[in-house]
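Quick one: this structure, given as structure tokens, is what I'll be asking you about.
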Amino acid sequence: MAREDSVKCLRCLLFALNLLFWIMAICVLGVAAWLRDYLNNVLTLTADTRLEEAAILTYSPVVHPVIIAVCCFLIIVAMVGYCGTLKCNLLLLSWYFGCLLVILCVELASGVWNYEEPPILRSDMISLKSRMPNYGLPRYQWLTQAWNFFQTEFKCCGVIYFTDWLEMTEMEWPPDSCCAKQYPGCARQAHYWDLSDLHQEGCGPKIYSFIRGTKQLQVLRFLGVSIGVSQILAMTLTLTLLWALYYDRRAPDPPEQCPPGTDSGPHSPCQVEDTTKPSPARPVEAWTPALPNGHTQFEMEQIS
């Protein structure tokens, strides 16, 4: 009874851990997809600078295709673990344990390989001004879209201040993406009438903060550590469940045979096969001699 209760408890814990794997893996995929859009725009703005290398170094562990593939594979492995736990299948549970071990090794290797602080300084933000003169040119529509996206999402304008657009380009006023409330011609109206309608912060500090790490990046790192700890716990519980199921399915050992001259009382640990018991006797069929003129059938009816 105690072993059955232990097996039920192990199964319930594995069910909960597999559900947790699904939730955390889906969260990692969602946040990584959200960060990928921002990262692509940052890489566009920081191309051919030290900032680009720092951004790749910071975010490659969370948006790398290997990590995305590992999360997708973890969802499938969790389904296999759920089925193996539900059916108490030793083969599925063994395969589940092996896959969790492989995934854990890949995650540890990726974390150790990519763990390095990005080598950037605040003075590196000035290099972003070199990307401003190409804004609005037909050949650089992708750069124009990146500037508009970043200034809108991060509520900033220019690199240090919105006047960077007037210094680095031939524009007479900043882009409309610098407006707090955007509409066609809003930047021109704000430039001549009310500068407070423009974003007052520069995008340089925003990009610096993004490269150093955002809250979303911290959430991904926390989820990664949580998944690793959960995998270690799941592997431990799986080994324990495999051990319990294996010994439950073993055939019972035969009774011990006592050597000659050993006391085989009721409290003795060994038993002696009793060969003196008579074997069950076969039923003896009654023999009736054959009598002439059909008396044999009459005598049998009387006997029955």
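The values are calculated or read from the model by the stated rules, or taken from the named source; none is laboratory data. Note that the structure is a prediction, hence the values are computed from the model and not measured. Every residue, glycine as well, gets a Cβ built from its backbone with ideal geometry; the counts of neighbours run over all protein chains shown. The accessibility values were calculated without ligands, DNA or RNA, using every heavy atom of the protein model including side chains. Shrake-Rupley method; radii C 1.70, N 1.55, O 1.52, S 1.80 Å.
Look through LEU39, LEU43, LEU86 and report the one residue that is farther than 30 Å from MET125 by Cβ and modelled with pLDDT of 75 or more. Please lay out each step first, then the result.
Working: LEU39 fails: farther than 30 Å from MET125 by Cβ; LEU43 fails: farther than 30 Å from MET125 by Cβ.
On inspection, the qualifying residue turns out to be LEU86.
Confirm whether ILE76 is closer than 24 Å to GLU107 by Cα, open to solvent by 60 Å² or more (accessible area, probe 1.4 Å) and within 11 Å of the chain's Cα centre (by Cα). Spell out how you get there, then give the answer.
Details: closer than 24 Å to GLU107 by Cα: yes; open to solvent by 60 Å² or more (accessible area, probe 1.4 Å): yes; within 11 Å of the chain's Cα centre (by Cα): yes.
Yes; evaluated as a whole, the condition is true for this residue.
For the list (1) open to solvent by less than 60 Å² (accessible area, probe 1.4 Å); (2) closer than 21 Å to ASN148 by Cβ; (3) assigned to a helix (DSSP H, G or I); (4) touching a residue at least 60 places away in the same chain (Cβ under 8 Å), I need the number of the one condition that ALA54 fails.
(2)
Tell me, which residue of the range 1-34 that is within 20 Å of the chain's Cα centre (by Cα) and farther than 23 Å from LEU104 by Cβ is most open to solvent (accessible area, probe 1.4 Å)?
Restricting to residues being within 20 Å of the chain's Cα centre (by Cα) and farther than 23 Å from LEU104 by Cβ, the top hit is TRP34.
Mind checking which pairs have a first residue in the range 131-147 that is hydroxyl-bearing (Ser, Thr, Tyr) and a second that is assigned to a loop (DSSP other than H, G, I, E, B), Cβ under 8 Å, 6 or more apart or different chains?
Within 8 Å, the pairs are TYR135/THR169; TYR135/MET171; TYR135/PRO175; TYR140/ASN134; THR144/TYR135; THR144/GLY136; THR144/LEU137.
Sticking with this one: Note down all Cβ pairs under 9 Å where the first residue falls in the range 172-183 and is under 10 Å from GLY158 (Cα atoms), the second is open to solvent by less than 70 Å² (accessible area, probe 1.4 Å) and of a type in the set (A, V, I, L, M), and they're at least six residues apart or on different chains.
Every condition considered, the pairs that remain are PRO174/LEU166; PRO174/ALA187; PRO174/ALA190; PRO174/LEU198; PRO175/ALA187; CYS178/ALA187; CYS178/ALA190; CYS178/LEU198.
So PRO65 ticks every box in (1) open to solvent by 30 Å² or more (accessible area, probe 1.4 Å); (2) modelled with pLDDT of 85 or more but one. Which box is left unticked?
Condition not satisfied by PRO65: (2).
With the requirement that a residue be outside any helix (DSSP H, G or I) and touching a residue at least 12 places away in the same chain (Cβ under 8 Å), what does the range 71-98 give you?
To start, the set of residues in the range 71-98 that are outside any helix (DSSP H, G or I) comprises 88-89.
Of everything in the range 71-98, just one residue is outside any helix (DSSP H, G or I) and touching a residue at least 12 places away in the same chain (Cβ under 8 Å), namely CYS88.
Checking the structure you have, find out if any residue of the range 192-200 is acidic (Asp, Glu), out of contact with any strand residue (DSSP E or B) (no Cβ under 7 Å at 6 or more places or on another chain), open to solvent by 80 Å² or more (accessible area, probe 1.4 Å) and more than 15 Å from PHE150 (Cβ to Cβ).
The initial filter retains those residues of the range 192-200 that are acidic (Asp, Glu), namely 194, 197.
Narrowing the set further to residues that are out of contact with any strand residue (DSSP E or B) (no Cβ under 7 Å at 6 or more places or on another chain) leaves 194.
The next check asks that each one be open to solvent by 80 Å² or more (accessible area, probe 1.4 Å); those that pass are none.
Looking for residues that are acidic (Asp, Glu), out of contact with any strand residue (DSSP E or B) (no Cβ under 7 Å at 6 or more places or on another chain), open to solvent by 80 Å² or more (accessible area, probe 1.4 Å) and more than 15 Å from PHE150 (Cβ to Cβ), one finds none in the range 192-200, hence no.
Mind checking which residues of the range 211-244 are modelled with pLDDT under 80 and open to solvent by less than 30 Å² (accessible area, probe 1.4 Å)?
Scanning the range 211-244 gives ILE211, GLY213, THR214, LEU217, LEU220.
Tell me whether the range 134-150 contains one or more residues that are basic (Lys, Arg), surrounded by fewer than 16 Cβ atoms within 10 Å (Cβ to Cβ) and under 19 Å from PHE210 (Cα atoms).
Let us first name the residues in the range 134-150 that are basic (Lys, Arg), namely 139.
Of the ones still in play, those that are also surrounded by fewer than 16 Cβ atoms within 10 Å (Cβ to Cβ) are 139.
Checking the rest, the ones that are also under 19 Å from PHE210 (Cα atoms) come to none.
No: the range 134-150 contains no residue that is basic (Lys, Arg), surrounded by fewer than 16 Cβ atoms within 10 Å (Cβ to Cβ) and under 19 Å from PHE210 (Cα atoms).
For the range 118-130, which positions are surrounded by 10 or more Cβ atoms within 10 Å (Cβ to Cβ), of a type in the set (D, E, K, R) and modelled with pLDDT under 80?
Within the range 118-130, just ASP124 meets the criteria.
For a quick check of your reading: which helices (runs of 4 or more DSSP H) sit entirely within the range 127-231 and have at least 3 residues that are more than 41 Å from the chain's Cα centre (by Cα)?
In the range 127-231, 164-168, 186-192 are the helices (runs of 4 or more DSSP H) which contain 3 or more residues that are more than 41 Å from the chain's Cα centre (by Cα).
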